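Please read the structure below before turning to the comments.
The values are calculated or read from the model by the stated rules, or taken from the named source; none is laboratory data. Being a predicted model, the structure only gives us computed values, none of them experimental. Every residue, glycine among them, receives a Cβ derived from its backbone with ideal geometry; neighbour counts consider all protein chains shown. With ligands, DNA and RNA removed, areas are computed over all heavy atoms of the protein, side chains included. Shrake-Rupley method; radii C 1.70, N 1.55, O 1.52, S 1.80 Å.
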Amino acid sequence: MKIAMIGAGYVGLVSGVCFSDFGHQVVCVEKNTAKLEMLQRGEVPIYEPGLDILMHKNVAEGRLHFTQDMASALKDADAVFIAVGTPARRGDGFADLTYVYETAREIGELITTPIVVVTKSTVPVGTNREVARIISACQPAAAFSVASNPEFLREGSAIEDFMHPDRVVVGVENSDAEEVLRRIYRPLSLRETPLLVTNLETAEIIKYAANAFLATKITFINEIANLCEVTGGDVQQVAKGIGLDGRIGGKFLHAGPGYGGSCFPKDTQALAQSGREYGAPQTIVETVIKVNEARKHDMSSKIIAACDGEVDGKTIAVLGVTFKPNTDDMRDAPSLTILPALQQAGAKIRICDPQGRREGEKLLPGADWLDDPYDAATAADALVIITEWNAFRGLDLERIASSMRGSALIDLRNIYHRDEVSAAGLTYFAVGKGVPQA
Ligand code: UGA
């Protein structure tokens with residue numbers, strides 16, 4: 001199959017690379033000249049494990065190309081995927097569809113042969129019908145159909161998620177479009193990956209419902225963590241105890257500093273906005289958004305409390321500031337709320353993060369950056385773990401304890417155990433682990 005992929009951001013680049021690895025001919029169209037030149041030089045503009053190797057392989061084997069020229073990419077293509085950004089619009093939280101609609105207009109002007117226009121960007125319910133309307137308005141005789149094919153990959157494990165998805169969702173209006181998408185995803189049928197065919201609206205809602213449900217699960221366990229802390233419960237055991245019930249499942253029940261990233265915060269906002277717009281309020285999601293926002297602020301209070309209620313003039317070492325491990329992405333990372341609040345209270349911040357520095361330096365002014373966690377901890381009054389990178393999971397706690405000035409280890413991801421931390425001479429503060437009442 002011949003595929004044009006519009007937008008070489010996270011979803012577009014990973015999808016384009018993986019489709020070419022399926023054996024399809026893929027042309028990725030990227031308008032940003034600096035990004036395009038990087039891609040043409042063989043450089044990957046994002047940090048995603050394994051992506052560079054797969055990209056180089058498929059470029060070398062002649063199945064993957066990068067261009068700025070949409071007309072040449074669309075020539076004889078069976079399908080064009082729209083994978084441009086849909087950032088949250090300032091003010092109302094609605095997904096900004098400017099780039100999606102601009103792309104639809106350009107496609108509408110350039111269609112010469114029958115093509116399926118597939119939206120992969122996360123777009124609110126109703127968007128695909130508007131894409132179809134825009135294309136028809138540009139060229140009333142154009143032979144095309146639209147399809148919705150939301151993406152469920154996670155940053156940091158994007159290749160694995162794309163190659164081994166739990167399911168593929170395809171929203172279509174006719175069997176021709178369904179057939180094209182079935183052929184594109186045929187390599188996955190060998191693994192018996194379920195391919196769910198729905199109408200356009202259903203596919204659009206599935207994407208938001210999935211992300212909102214996962215965000216709800218995280219927020220739920222975070223509130224349960226609060227109850228554990230004040231009563232003597234252990235949230236990890238509660239998560240296990242409920243997660244073993246097959247109807248609930250144990251995934252996405254890790255209590256922490258609140259969810260962040262480029263998807264959950266934006267998509268929960270957009271779903272809530274769709275609910276308001278269509279008169280079907282999403283009150284659970286509205287509450288999840290509020291609770292998650294408050295949680296990030298509560299984390300700075302928790303850190304201050306662990307420092308005997310005062311951080312003015314104290315040095316706090318921070319391990320991990322990206323929104324999760326294995327990414328350099330800082331978008332809506334909890335650290336962006338927690339650390340400025342500590343600075344505001346007078347703390348000096350020293351950060352160590354395996355990939356976060358490039359973006360983080362711009363977003364967290366006034367902090368010092370160190371490459372080594374032990375250097376970050378040296379002479380610090382407290383050590384805080386915000387993001388659970390593997391590099392922070394097996395630290396020599398005695399070495400840390402002997403180099404710190406203070407003794408508080410605040411582990412917002414529960415990667416250590418109280419006993420080992422105490423044995424090293426540090427005072428442990430976890431999430432959702434209370435001390436049983438006598
Ligand atoms: C999320 C979804 O998991 C993907 O399925 C989806 O395709 C993607 O959004 C998207 O819409 O593009 P992602 O944002 O990459 O993927 O990251 P997640 O692994 O889902 O983590 C999101 C946030 O939740 C992180 O801040 C993470 O630390 C937090 N989290 C996750 C928890 O606090 N606890 C958990 O148990 C799981």
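Evaluated against (1) touching a residue at least 24 places away in the same chain (Cβ under 8 Å); (2) surrounded by fewer than 21 Cβ atoms within 10 Å (Cβ to Cβ); (3) away from the ligand (no atom under 15 Å from the Cβ), Ser300 falls short on exactly one condition, (2).
Taking the criterion of being among the hydrophobic types (A, V, I, L, M, F, W, C), crowded, with 20+ Cβ neighbours inside 10 Å and within 11 Å of the ligand (Cβ to nearest atom), the residues of the stretch 195-217 that qualify are Ala212, Ala215.
For the criterion of being within 16 Å of Val311 (Cβ to Cβ), at pLDDT 95 or above and in a loop (DSSP other than H, G, I, E, B), Arg350 fails. Selection over the stretch 133-170 of residues that are among the aliphatic types (A, V, I, L, M), more than 11 Å from the ligand (Cβ to nearest atom) and open to solvent by 20 Å² or more (accessible area, probe 1.4 Å) gives a count of 5. Just one of the numbered conditions (1) surrounded by fewer than 22 Cβ atoms within 10 Å (Cβ to Cβ); (2) in contact with an Asp or Glu (Cβ under 6 Å, 6 or more places away or on another chain) is not true of Gln343: (2).
Scanning the stretch 235-264 for residues that are within 8 Å of the ligand (Cβ to nearest atom) and polar (S, T, N, Q) gives a single hit, Ser262. Checking each residue in the stretch 49-95 for being farther than 20 Å from Lys120 by Cα and of a type in the set (A, V, I, L, M, F, W, C) picks out Ile53, Leu54, Val59, Ala60.
Answer yes if at least one residue in the stretch 351-364 is away from the ligand (no atom under 16 Å from the Cβ), touching a residue at least 60 places away in the same chain (Cβ under 8 Å), hydrophobic (A, V, I, L, M, F, W, C) and in the same structural domain as Lys324 (by TED's automatic domain parsing), and no otherwise. So that I can check it myself, show each step before the final result.
Looking only at the stretch 351-364, we keep the residues that are away from the ligand (no atom under 16 Å from the Cβ), and these are 351-352, 357-358, 361-362, 364.
Applying the additional criterion that residues be touching a residue at least 60 places away in the same chain (Cβ under 8 Å) yields none.
Within the stretch 351-364, none of the residues are away from the ligand (no atom under 16 Å from the Cβ), touching a residue at least 60 places away in the same chain (Cβ under 8 Å), hydrophobic (A, V, I, L, M, F, W, C) and in the same structural domain as Lys324 (by TED's automatic domain parsing).
What are the residues in the stretch 265-297 that are more than 17 Å from Glu204 (Cβ to Cβ), in contact with an Asp or Glu (Cβ under 9 Å, 6 or more places away or on another chain) and either within 10 Å of the ligand (Cβ to nearest atom) or among the aromatic types (Phe, Trp, Tyr) (or both), if any? Result: Pro265, Arg295. Whenever a residue of the stretch 385-409 is assigned by TED's automatic domain parsing to the domain that holds Gly320 and modelled with pLDDT of 95 or more, its partners that are assigned to a strand (DSSP E or B) and polar (S, T, N, Q), lying with C-beta atoms within less than 8 angstrom and at least six residues away or across chains, give the pairs Arg405/Thr315; Ser407/Thr427; Ala408/Thr427; Leu409/Thr427. With respect to the stated conditions, Val118 is within 24 Å of the chain's Cα centre (by Cα), outside any helix (DSSP H, G or I) and modelled with pLDDT of 95 or more. Looking across the stretch 218-227, the residues that are open to solvent by 10 Å² or more (accessible area, probe 1.4 Å) and either assigned by TED's automatic domain parsing to the domain that holds Val125 or more than 18 Å from the chain's Cα centre (by Cα) (or both) come down to Phe220, Glu223, Ile224, Asn226, Leu227. Among the numbered conditions (1) more than 16 Å from the ligand (Cβ to nearest atom); (2) free of Cβ contacts under 8 Å to residues at least 60 places away in the same chain; (3) open to solvent by less than 50 Å² (accessible area, probe 1.4 Å), the only one that Met330 does not meet is (1).
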